[in-house]
Structures are given as C-alpha cells and as structure tokens.
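Data block below; observations after.
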Amino acid sequence: MNWQVRYALENLAKQTRSTAKHVEGELILIATQDRPDVLAVISAAHEIDQVTAVNYKKQYPALDFLCGYRSTCVWHGNAIQFLEDTGLGWGTFATLSSAALDGNANTASHKVYKFADRLLRQYGRVKEVIRDYDRIHRVSLKSGTSVRIGMIAEYEPTADAVRTLWERFGPIDIVWNINPNGSPSPEAIDAGQELGCEVMKWDRLKEYLRTA
C-alpha cells in the first residue's frame, strides 16, 4: 500500500460518519451514512495533467473522485476540463473528505480555488474564462481586453510567493490574493510591480475588470 493511501485511510478513520478501505493500487472506497459510496484515487503526483487524469480513469473506470494528496499538487487546466466533462470530482484530500460527507463527490472541485473560480465566471463583465491551471485563469472581457490572473491563497502573501507564482506559471497581469481574511504584504505588492503585475484583493480586482 502506498504511503499516501495509508495516510488517507488513517485520516478517514478519525471521522465519525465515514469509513474507508483499500480496494487496489491507489484506489479506496469511502462509505458514509446516508450518502453514496465514493471510489477515490489517492495520488501522490506533484502535478496532474490530462494524460495522468485519463490514465487514472482508464485504470479505474468506476472512479468518482481524483485526489491529489500532496498539498502542493498542481492541476493542469486540460486535466480539470477532462475530469469535469467526465463527471469526476477532483482536488485535495480535504475536498474529498467534504465531498464524501456532502454526497457530491462526482461534481466536487478543489476547495481552495472553487469560490474564486466561480466569482470570475459569474462576474458580469467577463465573456470567457479559460483555466490554464487550478490557480491560473485567462479571462476575456466583454470590452475585448484579456487578462491573465494568478491566485494565491496564503493569508498574507509574501514577495517570494508572488515571484514563485510568476516563475512557475509564467507572466501574469494580476496576482489575486483569494484568502478572504488576509491581505498581501507591502513587499508582495512591490514584487508584483517589479515584475509588471498588480497584486490585489477581490474588491480591487472587480474594479480593474470593470474598467479594463
């Protein structure tokens, strides 16, 4: 049994409403009272691209949810699109745990970015949203302007967090601090300016999209 599967089973054993068992390979079965059973892959991948997602679906055809167990796991946009089009949930172990309790494992998505993704798609001036990665969105506005937005979920993003996002995922126009309780540090804002992007919260982002 792989280490991530073992840890997932140990953590699920602490829950009062759910039980879990190993099925085979990276596949586990989660049973929750009054909710559908969930077949979930517990992956230790550092990144999940479309090929990885497709291969997991081929290997485990009855799969309900693909879990990236590492907190640093990065999801490619084409993998996300494949999973959602196929009726599979995706995201962190916390996302999987909540989805099993809520009974929506096949439609659940990464808890960290779900609300922010929805905000962008529902904002009235947005024409189209293309997801490059779980945290990187290309947004086309009705005005004709296109903006590449990167999300940082830390409570108080640092200059290093901004630079790392840029270096890892390429140039972006906006760094959006999606944590509702925190604010980017002055150093993070300065780092963004040095790179040629702006670091902001949702209220400023809304105004930016309104006038862009």
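The values are calculated or read from the model by the stated rules, or taken from the named source; none is laboratory data. Remember, predicted model here, so these are calculated numbers, not experimental data. In this analysis, Cβ positions are derived from the backbone assuming ideal geometry, glycine residues included, and neighbour counts consider all displayed protein chains. Just so you know, the surface numbers come from the protein's heavy atoms only, side chains and all, with ligands and any DNA or RNA stripped out. Shrake-Rupley method; radii C 1.70, N 1.55, O 1.52, S 1.80 Å.
For region 133-212, what does the relative contact order come out to in percent, with C-alpha contacts under 8 Å and a separation of six or more? Relative contact order comes out at 29 percent. Helix 202-211 and the long axis of the chain differ in direction by around 50°, with both axes built from C-alpha atoms. Listed values for region 3-16 are Karplus-derived 3J(HN,Hα) couplings in whole Hz (6.51 cos²θ - 1.76 cosθ + 1.60, θ = phi - 60°), namely 4, 5, 5, 4, 5, 4, 5, 5, 5, 5, 5, 7, 7, 8, and x replaces Gly and Pro. GNM, the chain, Cα, under 10 Å: largest mean-square fluctuation among Leu83, Leu96, Leu165? Most flexible of the set in this elastic network: Leu165. Per-residue ellipticity at 222 nm computed for the chain from its helices equals -11500 deg cm²/dmol, with DSSP H segments shorter than 4 residues left out and the rest contributing -39,500 (n - 2.57).
Per-residue extension of 0.36 nm, minus the Cα-Cα distance of Glu198 and Glu154, leaves a gain of 14.2 nm for this segment. Asn106 sits among other residues whose Cβ lies under 13 Å from its own Cβ, and their net charge, with Lys and Arg +1 and Asp and Glu -1, is -3. Remark: spin-label model distance Lys14-Met1 equals 1.6 nm, labels positioned 7 Å along the Cα→Cβ axis. Computed 3J(HN,Hα) for region 161-167, one whole-Hz value per residue from the Karplus formula 6.51 cos²θ - 1.76 cosθ + 1.60 where θ = phi - 60°, is 4, 5, 5, 5, 4, 5, 5, glycine and proline marked x.
Full extension of the chain segment joining Ile130 with Thr211 gains 27.1 nm, where the gain is 0.36 nm per residue of separation less the Cα-Cα distance.
Its Cα centre serving as origin, the chain has a Cβ charge dipole (Lys and Arg +1, Asp and Glu -1) of approximately 520 debye.
Expressed to the nearest 5 percent, the antiparallel share of DSSP beta bridges inside the chain is 60 percent. Remark: spin-label model distance Glu187-Lys58 equals 4.6 nm, labels positioned 7 Å along the Cα→Cβ axis.
Using a cutoff of 8 angstrom between alpha carbon atoms and counting only pairs six or more residues apart, the relative contact order for the chain works out to 12 percent.
Expressed as a whole percent, the accessible area of the chain that falls on carbon and sulfur atoms is 47 (1.4 Å probe).
Relative to the longest principal axis of the Cα atoms of the chain, the long axis of helix 93-102 lies at roughly 70 degrees. Can you tell me which lysines have their Cα less than 28 Å from the Cα of Lys201? Leave out same-chain residues fewer than eight positions away. Straight-distance partners of Lys201: Lys111, Lys114, Lys127, Lys142. Longest stretch of the chain clear of exposed loop sites (trypsin sites (Lys or Arg not before Pro), DSSP loop, at most 12 other Cβ atoms within 10 Å, sites excluded): 18-141. Within region 61-161, which chymotrypsin sites (Phe, Trp or Tyr not before Pro) sit in a loop by DSSP and count at most 12 neighbouring Cβ atoms inside 10 Å? Those that pass, being in a loop and sparsely packed, are Tyr155.
Spacing of the modelled spin labels on Ser98 and Asp34, each 7 Å from Cα toward Cβ, amounts to 2.0 nm.
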